[in-house]
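Below is one structure, written out as structure tokens; the observations come after it.
Values in this text are rule-based calculations from the coordinates and carry no lab data. Treat the numbers as computed from the prediction; the structure is a model and nothing was measured. Because the Cβ atoms are built from the backbone with ideal geometry, glycine has one as well, and the counts that use them run over all protein chains shown.
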Amino acid sequence: LPCRFKSIRYFADVDGKVVNGFYESRSHKVVPRDNCILEPFWFSAFAKELCLLADRYALNSYNGKSGTLRSLMLRDSGSGDSSEKLALLGVASRPVDDFLEALKKLALSYGIKALFLDENVSCGNKVVAGNLLSLGTDSTIQVELGALRYQVSAQSFMQVNYSVAQALYKEAVDWCKGSRGRQALDICCGVGTMTLMLSRYFTRVTGIEIVEQAVAAARENAAQNGIKNCEFVAGDMSECIGRYLYDEVDAVIADPSRAGLGPKVCRSLSRLKGEVRLCCIFCSLTGLKRDIPMLLEGGYRIHKVKGFDMFKNSRHIETMVLLSK
């Protein structure tokens with residue numbers, strides 16, 4: 001069964017033909033791959049047909065200096081035959097309109113209603129540059145986790161493995177709900193996934209997120225689910241968390257990017273008043289190794305450390321650390 005509902009593929013030219021695949025470990029060399037059993041079947045089928053379409057319109061892969069096709073991001077809502085689908089094609093320059101019309105028809109044949117073109121003229125390797133042109137009828141897909149529904153956009157963060165994510169989220173929320181239940185913070189909240197889950201157990205929940213589009217989606221998700229005790233703040237976590245140092249914060253969930261929390265955020269978490277339950281989720285053991293000692297120095301103690309196999313058949317895991325002070 002598929003367990004990765006988001007895929008990022010890259011393009012290369014092989015023997016005069018456009019192919020798609022994944023980066024070789026620790027390099028930018030594209031390894032052509034027709035299918036991946038961890039993903040929904042339509043990911044590989046659509047990507048393959050897109051390459052044939054590119055050949056028909058004489059488009060090449062981008063090599064850092066010339067070419068058009070950079071990357072392809074695909075998302076699936078994980079609902080089986082009724083799944084909602086999203087595709088984002090990253091390009092170095094806008095292809096001809098005839099190609100875009102053919103791309104729209106191809107996407108519709110796969111039931112892809114959220115379709116985007118992302119023109120990235122930089123030399124960097126950013127998958128979503130932000131210059132999005134909508135080519136479809138929808139701007140998001142709806143993902144259901146438990147009893148809640150979330151609108152997920154091309155720029156939103158959501159874990160790729162929904163079943164493991166739900167187990168992780170449940171354990172995080174179960175730990176936090178054991179506190180006094182007044183106010184909780186969700187740092188790096190994305191589209192509000194855990195923020196909304198916490199709302200059932202706290203009088204007030206605040207989600208902090210640096211990506212403004214994700215904050216807008218989080219507010220929509222709260223409204224869609226009829227949840228009124230959540231607020232969302234757009235900004236850098238290291239700047240925003242200082243606003244809550246004098247509030248009665250009972251619980252915090254922090255799910256940062258690979259960079260981790262960093263010294264400033266760890267210091268702020270250590271300065272929170274009273275008894276606090278803290279759940280930290282790390283996708284990088286390097287970030288964990290740096291941040292946890294700072295939290296321990298700040299008065300926290302560890303209750304549990306647990307790994308979640310979010311990325312099947314890889315060496316990467318999500319690591320949860322439950323702490324309190």
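Could you state the angle between the C-alpha long axis of helix 162-176 and the longest principal axis of the C-alpha atoms of the chain, as a value from 0 to 90 degrees rounded to the nearest 10?
Result, in degrees: 20.
Counting only DSSP beta bridges with both residues in region 157-324, what percent are antiparallel, rounded to the nearest 5? Could the numbers behind the result be given before it?
Numbers: 13 of 32 bridges.
So the antiparallel bridges in region 157-324 amount to around 40 percent.
With a Cα-only, solvent-free Debye model of region 197-289, what are the log10 I(q)/I(0) values at q = 0.12, 0.14 Å⁻¹?
Debye intensities relative to I(0), on a log10 scale: -0.40, -0.54.
Mind pulling the angle between the C-alpha long axis of helix 212-224 and the longest principal axis of the chain? Nearest 10 degrees, somewhere in 0 to 90.
70 degrees
Enter the Cα centre distance for the pair region 267-298 and region 55-124, rounded to the nearest angstrom.
40 Å
Run the numbers on region 157-324 and let me know its relative contact order in percent, using alpha-carbon pairs under 8 Å that are six or more apart. Kindly include the intermediate steps, with their values, before the conclusion.
On the way: 338 pairs, mean separation 35.5, N = 168.
Relative CO of region 157-324 lands at 21 percent.
May I ask what percent, to the nearest 5, of DSSP beta bridges between residues of the chain are antiparallel?
For the chain, the DSSP antiparallel bridge percentage is about 60.
Cα extents of region 101-260 along the three principal axes, largest first, in whole Å?
Dimensions of region 101-260 along the principal axes of its Cα atoms: 57, 35, 26 Å.
Around Pro2, with a cut-off of 14 angstrom between Cβ atoms, what is the net charge of the other residues, counting Lys and Arg +1 and Asp and Glu -1?
Charge balance in the 14 Å sphere: +2.
Taking all pairs of distinct Cα atoms, average 1/r, flip it, and tell me the Kirkwood hydrodynamic radius of the chain in Å to one decimal place.
Across the chain, the inverse of the average 1/r is 20.9 Å.
Over the Cα atoms, compute the radius of gyration (one decimal) and Dmax (the largest Cα-Cα distance, rounded to a whole number) for region 6-139, in Å.
Spelled out, the Cα radius of gyration and Dmax of region 6-139 are 13.8, 41 Å.
With everything on Cα atoms, drop me the angle between helix 97-109 and the longest principal axis of the chain, reported from 0 to 90° to the nearest 10.
Orientation of helix 97-109: about 60 degrees from the principal axis.
Listed here are the pairs Lys177/Lys306; Lys264/Lys304; Lys264/Lys306; Lys170/Lys228; Lys48/Lys306; Lys170/Lys273; which of them are more than 28 Å apart at the Cα?
Among Lys177/Lys306; Lys264/Lys304; Lys264/Lys306; Lys170/Lys228; Lys48/Lys306; Lys170/Lys273, the Cα-Cα distance tops 28 Å for Lys48/Lys306.
In percent, how large is the relative contact order of the chain, given Cα pairs closer than 8 Å and 6 or more residues apart?
Once divided by the residue count of the chain, the mean separation gives 11 percent.
Suppose a student asked you for the relative contact order of region 26-183, using Cα pairs under 8 Å spaced at least 6 residues apart; what percent would you report?
15 percent
Which value in deg cm²/dmol, rounded to the nearest 500, describes the helix-derived mean residue ellipticity at 222 nm for the chain, given -39,500 (n - 2.57) per DSSP H run of n ≥ 4 and division by the residue count?
-8000 deg cm²/dmol
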